[in-house]
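Student: Structure below; questions to follow.
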């Protein structure tokens, strides 16, 4: 249960979704019942009938920024930069055209302090520091930084989604974003939410399902593999989150009334569980969440979850295994492979209740 190999499974590469479904709600939905491990195969639109009128649906309203930049160093060598903490600090000194961010940089040679990188539209980046694989970078722009970033930046798709970097990414800018995305700052989408449409949300509300939002800016740790044999030795990278007083009240009331709290995505699960004390009361506030959920964890708030299919040997697979049981989850994944579900960010969904 605690060995990394315990969370491995065979996935044919052809099942890794490279593009989203034609219609958001047109994805498939695997329904897993935790009590009897029963699996049924549905369409995501069926979520309207599967959820109960008394349910509370909690979504993550983070918005993915086009924070991947392609430029060149003064020597002419190519450099690719990914902004890690956009939207997670207090404005970097208030200058609308100068910003300092933590970044990842991919180049033929390590970019040392003093390295200057040039991008389109006059954007310039100066490397200030390098520590533990992360660069501190100061940006200077000839216009408001936010406007320029959204014009020349690219969506930070996961590495298993392959794109020609010379082609426009207009389609990904729309589809690698939930319809309820509001708070800018993520470098990866909370992908379970990609299946929802405004129409589905309206139908759920008409049925009686309440919808509320938390924010967790998904960080680069979501791409990092677990590198320890004993998963208990793994340390999660922290991510910025925010829970409003209103959302905390809504969640607390649902629990008092014995209504189900249905979390959309592992990010919502971790945020809700992190903010809940041992007394079972969720606290409003903001901070950094580093909760690692794996089998043996006792859930305090979440009663059901909607999620996508996750990478083998990943912390996300460990989280859903903690919720449904490792063997039950791996059996469900085996069924999904057999039925040729589409996997990972742009893939199909699962309801676990």
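Student: Taking only the alpha carbons of the stretch 36-139, what extent do you get along each of the three principal axes, in Å, biggest first?
Tutor: Result, largest extent first: 60, 33, 29 Å.
Student: Go from 0 up to the bin containing the longest alpha carbon distance in the stretch 253-329, width 10 Å each, and give me the % of pairs per bin.
Tutor: All Cα pairs, binned at 10 Å, distribute as 18, 53, 26, 3 percent.
Student: Next question. If packing is taken as the mean number of other Cβ atoms within 10 Å per residue, what is the order of 71-77, 47-53, 260-266, highest first?
Tutor: Details: 71-77: 13.4, 47-53: 16.4, 260-266: 25.7.
The densest-packed peptide leads the list: 260-266, 47-53, 71-77.
Student: Between the stretch 1-51 and the stretch 284-306, how many Å separate their Cα centres?
Tutor: 20
Student: What's the angle, to the nearest 10 degrees (0 to 90), between helix 198-207's Cα axis and the longest principal axis of the chain?
Tutor: 30
Student: Based on DSSP H runs of at least 4 residues, each adding -39500 (n - 2.57), what is the mean residue ellipticity at 222 nm of the chain after dividing by all its residues, to the nearest 500 deg cm²/dmol? Numbers along the way, then the final one.
Tutor: Working: 8 runs with 72 residues, N = 353.
Value at 222 nm, helices only, nearest 500: -6000 deg cm²/dmol.
Student: Helix 326-338 versus the longest principal axis of the chain: what is the Cα-based angle in degrees, 0 to 90, to the nearest 10?
Tutor: 80
Student: Follow-up. What would the Debye formula give as log10 I(q)/I(0) at q = 0.15, 0.16 Å⁻¹ for the alpha-carbon point model of the stretch 82-195, no solvent?
Tutor: -0.76, -0.87
Student: Just for the chain, what percent of DSSP beta bridges are antiparallel, to the closest 5? Provide the component values of the computation, followed by the final result.
Tutor: Details: 47 of 66 bridges.
Of the beta bridges lying entirely in the chain, close to 70 percent run antiparallel.
Student: How long are the semi-axes of the ellipsoid equivalent to the stretch 153-299, from square roots of 5 times the Cα gyration tensor eigenvalues, in whole Å, largest first? All intermediate terms of the calculation are to be shown ahead of the outcome.
Tutor: Values: eigenvalues 150, 106, 34 Å².
In descending order, the three semi-axes are 27, 23, 13 Å.
Student: I'd like the projected area of the stretch 130-215, averaged over all directions, using the convex hull of its alpha carbons. Report it in nm² with one decimal. Before the final figure, lay out each step's value.
Tutor: Numbers: hull surface 34.1 nm².
Here the figure is 8.5 nm², rounded to one decimal.
Student: Report the label-to-label distance for residue 121 and residue 334 in nanometres (one decimal), using points 7 Å from each Cα along the Cα→Cβ vector.
Tutor: 5.1
Student: Helix 315-324 versus the longest principal axis of the chain: what is the Cα-based angle in degrees, 0 to 90, to the nearest 10?
Tutor: 10
All of the numbers you see were taken from the coordinates with simple rules; none came from a lab. Remember, predicted model here, so these are calculated numbers, not experimental data. Neighbour counts are summed over all protein chains in view; Cβ atoms, including those assigned to glycine, are modelled from backbone coordinates with ideal geometry.
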